[in-house]
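Shown next, in structure tokens, is the structure this report addresses.
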Amino acid sequence: METRYDLREALTYINPAEATYNEWLATGMALKDAGYPVSVWEDWSRGDPARFHPGECTRKWESFKGSVVPVTAGTIVQAARSRGWQTAPPPIAGGGSSTGHELGWDDLIGLGNRDPMGVVDMNWLQGREVPEPADWSPSRQLIEYLRVLFRDTDYVGYCTRSFEKDGRFCPTKGCFDRTAGELIEKLTACGDDLGAVLGDWNPEAGAWIRFNPLDGKDCRDENVTAYRYALLESDELPIETQNALLRELELPIAALVHSGDKSLHAIVRIDAADGKEYRRRVDYLYEVCRKNGLKPDKNNRNPSRLSRMPGVTRKGRKQFLVDTNIGKASWEEWREWIESVNDDLPDPEDELQTDLPPLAPALIENVLRQGHKMLLAGPSKAGKSYALIELAVCIAEGVPWLGFPCACGKVLYVNLELDRASCLHRFRDVRQAMRAPSRRSVDIWNLRGHSIPMDQLAPKLIRRCLKKNYLAVIIDPIYKVLTGDENSADQMARFCNQFDKVCTELGCAVIYCHHHSKGSQGSKRSMDRASGSGVFARDPDALLDLIELPVTEALQKQESNNAACQACASALKEAGKLDEASWDALCSENAALSACKALLSPREYDALQEAVKAAKRAAEARTAWRIEGTLREFPKFPAVNLWFDYPVHRLDDSGALGDVTPDGDAPAWQRPKKEKKPKNKKKERMDALENAIAVCNLDEAENVSIQAVMDYTGKTKATIKNWVEEHPGYTIQGSMIIKKSKEDTA
């Protein structure tokens, strides 16, 4: 398999000893997918002698059988790039160069494949010398370090004692019960004898100090009292390159210390509120550095970590303070700068410029420009997919779609709903029904059973299409790739942004369909009918909306008659007898059949009768539709009336649908008024009185006080008396409501 990069070179940037087991396996799979021999994987794996076992790579290699979603060379390329590998895409086969390149599975979109955290171009970075201090004063070195990082009352952890293990010097726990103020006071009076203040150190090992304040009880992470700083250290680049890179990144470095060996220790301002935020910010810091060619030592993440102490010597070399307070002043300022440098937004422009850029040419005349977005909305089973297939064929062949002229170019139809066989048969049936030429085919990407959210589909779509020069990509339907709640404006805005990415990266139009919300749609504006958030109506450059028109019995009869007459005319034309029939004879079914019976042979007439029946059945099966448009780049076009004559939509050339009104779309004065049922106010009052008496009659006596009913209902005494006087079953005696006897009510 042809590869775009030399993966052997890329592997030199990836340390196998730092790879997880899954990353090691993925590297092997990617090499095999790219056509490399197993020996390349073995040679790279030998870089981790602790885990390398002869023969293991070969056994694993033979088990790699491929998959629907293979691990490709992009996995290795991306990993190498993240570790500082810089390379440009190779030239196109046959000479020349490419302004674009094929994206990998994990490549980022919208930034020219540049990482959003990338700031430094290592190809242009020049090293910066790190001179030793000319006036060497150990106590002054450490005092300045303490004053920059600590307050006088902060407890400081430090270590001067060490032990040797596996050829390396390791620090002991050290001290943590003295404040910065105490140390500064003693260091000021020590005459550069740091050992008298801190204790002597092994000159081969050097000494260490913690950069965050402690509680004076211990030196573990839980003893850190303020998450002010993080340690950034890497020894894979030359010291001069480290110095230049740290400064180029504008890191908010409080103190930069030479370790006396192969690295600089940058004490970076983090200013986190708690341990959780500290971890999150350190992860971000390390990731930015890694993306810019500086690979931090991950072992230095914790806030109680020891760093190199300035002012001491190590193997005859000085551990010294290189600089203080460099880069941005704070974490927030630095992070805002990192993100602003890479926002990839265009600069503001002068609107009065004379050299205006040309408008994108029309893809669908007076509807949609090339490189823009269009949404086709409609109810379920409206034939939206058929309409999009018709559009795909029309663009591919350069013929009009529903009366709108189309540009001619390549089209990709992303099928998310139909199985492969059904989709291919549907395209064939539509082409035949349209009588469209078959000069250019439509590319179909069948993804039923493989659908993934749009944010994951977009990069894969772009990777496959980057060199295809598609004029349009049609995605049908979007509910299969919808991410988030379709009623949430912010979530749908992020979802629709994926279409922008596809348009921008491929330079093509994106056309997709969506369903209507529930209920009658006739009284709504066309842009308000699509289900979910209003983003669906506002986001596309062109919104075409399909709404069904009711076919009345009279209209159905008219269309059936027209179909029969057309079948008769076709039969007469085929027999060469059309000129012998008068036009009046072809205006009604009965007259047309009579004329045909006189002019055709018995065999031809029998065949015609079957054709008439078939034409009438087809006419009765047709549904009527209207397309309305909401356009951003063009004026609104008159509504287009259609018949869906399976499997295609046909224009209503006769104008029969022109006066048809969609359900619910009649003017207000024509809509039937809803009759309000008159309320029986007296019955409501009687029911309220009876309910109050029943509730207040706790001892099941016949009599209830007026006051009790007043308290229960909240009504006045006069109101309650009026209710009782109206009620045939009760009367008032004094302060009581008395139930009448049967004789009284008779």
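The values are calculated or read from the model by the stated rules, or taken from the named source; none is laboratory data. All figures in this text were calculated on a predicted structure; none of them were measured in a lab. We place every Cβ from the backbone using ideal geometry, glycine too, and count neighbours over all the protein chains shown. Surface accessibility is based on the protein's heavy atoms, side chains included, excluding ligands, DNA and RNA. Shrake-Rupley method; radii C 1.70, N 1.55, O 1.52, S 1.80 Å.
For residue 106, indicate whether it is open to solvent by 70 Å² or more (accessible area, probe 1.4 Å) and either more than 19 Å from residue 459 (Cα to Cα) or modelled with pLDDT under 80 (or both). Walk me through how you get there before you give the answer.
Numbers: open to solvent by 70 Å² or more (accessible area, probe 1.4 Å): yes; either more than 19 Å from residue 459 (Cα to Cα) or modelled with pLDDT under 80 (or both): yes.
Taking the combined requirement at face value, the residue satisfies it.
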Note to self: Can you find a residue that is in contact with a Phe, Trp or Tyr (Cβ under 6 Å, 6 or more places away or on another chain), among the small types (Gly, Ala, Ser) and in a strand (DSSP E or B) anywhere in region 262-274?
What the structure shows: yes
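Using the structure shown, decide if residue 84 is crowded, with 16+ Cβ neighbours inside 10 Å, at positive phi and at pLDDT below 80.
Values: crowded, with 16+ Cβ neighbours inside 10 Å: yes; at positive phi: yes; at pLDDT below 80: yes.
Spelling it out, residue 84 is indeed crowded, with 16+ Cβ neighbours inside 10 Å, at positive phi and at pLDDT below 80.
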Check: From the residues in region 140-170 that are over 49 Å from the mean Cα position of the chain (by Cα) and small (Gly, Ala, Ser), which one is least open to solvent (accessible area, probe 1.4 Å)?
Finding: 162
Next item on the list: Scan 575, 598, 581, 591 and give me the residue that is modelled with pLDDT under 90 and closer than 22 Å to residue 557 by Cα.
Entry: 591
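Here are some residues: 247, 279. Which one is within 35 Å of the chain's Cα centre (by Cα) and without any contact (Cβ under 8 Å) to a residue 24 or more places away in the chain? So that I can check it myself, show each step before the final result.
Numbers: 247 fails: without any contact (Cβ under 8 Å) to a residue 24 or more places away in the chain.
When all the criteria are applied, what remains is 279.
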Next item on the list: Any residue in region 406-430 that's touching a residue at least 12 places away in the same chain (Cβ under 8 Å) and farther than 12 Å from residue 388 by Cα: show its pairings with residues that are hydroxyl-bearing (Ser, Thr, Tyr) and assigned to a helix (DSSP H, G or I) at Cβ separation under 8 Å, as long as the two are six or more apart or on different chains.
Entry: 417/385; 418/385
Next item on the list: Hand me the list of helices (runs of 4 or more DSSP H) wholly inside region 682-746 holding 3 or more residues that are modelled with pLDDT of 85 or more and not small (Gly, Ala, Ser).
Entry: 706-713, 717-726
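Mind checking whether some residue in region 603-622 is among the basic types (Lys, Arg), without any contact (Cβ under 8 Å) to a residue 60 or more places away in the chain and either within 20 Å of residue 402 (Cα to Cα) or in a strand (DSSP E or B) (or both)?
Narrowing region 603-622 to residues among the basic types (Lys, Arg): 603, 613, 616-617, 622.
Within this subset, residues satisfying the condition of being without any contact (Cβ under 8 Å) to a residue 60 or more places away in the chain are 603, 613, 616-617.
With either within 20 Å of residue 402 (Cα to Cα) or in a strand (DSSP E or B) (or both) added as a condition, the list becomes none.
No, region 603-622 has no match at all.
Checking the conditions here, which among 624, 639, 611 is within 25 Å of residue 509 (Cα to Cα), at pLDDT 90 or above and either acidic (Asp, Glu) or open to solvent by less than 80 Å² (accessible area, probe 1.4 Å) (or both)?
On the way: 624 fails: within 25 Å of residue 509 (Cα to Cα); 611 fails: within 25 Å of residue 509 (Cα to Cα).
Checking each option against the conditions leaves just 639.
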Check: Has region 41-55 got any residue that is more than 28 Å from the chain's Cα centre (by Cα), over 25 Å from residue 236 (Cβ atoms) and crowded, with 17+ Cβ neighbours inside 10 Å?
Finding: no
Note to self: So for region 473-480 (the condition being aliphatic (A, V, I, L, M) and in contact with a Cys (Cβ under 6 Å, 6 or more places away or on another chain)), does at least one residue qualify?
What the structure shows: yes
Checklist line | Filtered residue count, region 32-47, keeping only those that are aliphatic (A, V, I, L, M) and in a helix (DSSP H, G or I) | finding: 2
